[in-house]
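Working notes, beginning with the structure itself.
The values are calculated or read from the model by the stated rules, or taken from the named source; none is laboratory data. Keep in mind that this is a model prediction, so the values were computed, not measured. Glycine also receives a Cβ, built like all others from the backbone with ideal geometry; neighbour counts cover every protein chain displayed. Ligands, DNA and RNA are excluded from the accessible area calculation, which covers all protein heavy atoms including side chains. Shrake-Rupley method; radii C 1.70, N 1.55, O 1.52, S 1.80 Å.
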Amino acid sequence: MLRISLKAARVNAELTQDEVARIMHKTKQTIVNWESGATDIKYNDLIALCELYHMPLEYIKMPEKKKQKKM
């Protein structure tokens, strides 16, 4: 099964990060962080995004969690 990223699903739905943030009552930075894997997305928010993007959850590929550098 072909799986696409959160960003690709958003672009396919013809929505900008600003639009998604406004609809989801989140900040644009939150959407950026979800798409990049910088922060985890809660299951309820993921389901809401799938509905917004008209995309089944099974088709969404979650971003890999970014590793923090140790100093």
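Mind computing the radius of gyration and Dmax over the alpha-carbon atoms of the chain? Å is fine for both.
In Å, with Rg to one decimal and Dmax whole: 12.2, 42.
Using a basic spin-label model with each label point 7 Å from the Cα along Cα→Cβ, how many nm lie between T16 and D40?
Label-label distance for T16 and D40, simple model: 3.2 nm.
Taking a 1.4 Å probe, which of V32, V11, V20 shows the most accessible area, and what order do the others take after it?
On the way: V32 45, V11 85, V20 0 Å².
Ranked list, largest accessible area first: V11, V32, V20.
What list of ³J(HN,Hα) couplings, whole Hz, do you get for region 10-23 from phi and the Karplus terms 6.51, -1.76, 1.60, once you set θ to phi - 60° and write x for glycine and proline?
5, 4, 4, 7, 6, 10, 8, 4, 4, 5, 4, 4, 5, 5
Amide H of I60: which non-local residues (sequence gap of 5 or more, or other chain) have their own amide H closer than 5 Å, using H built in the peptide plane?
Counting only residues 5 or more places away or on other chains, the set is I4.
For K42, give me every one of the aspartates and glutamates with a C-alpha distance below 18 angstrom, ignoring sequence neighbours fewer than eight places off in its own chain.
Partners found: E51, E58, E64.
On the accessible surface of the chain, probed at 1.4 Å, how many percent belong to carbon and sulfur atoms?
Values: 2870 of 5460 Å².
Answer for the chain is 53 percent, counting heavy atoms of protein chains only.
Under a GNM of the chain (C-alpha, springs under 10 Å), which listed residue has the highest mean-square fluctuation: K42, K61, K28?
K42
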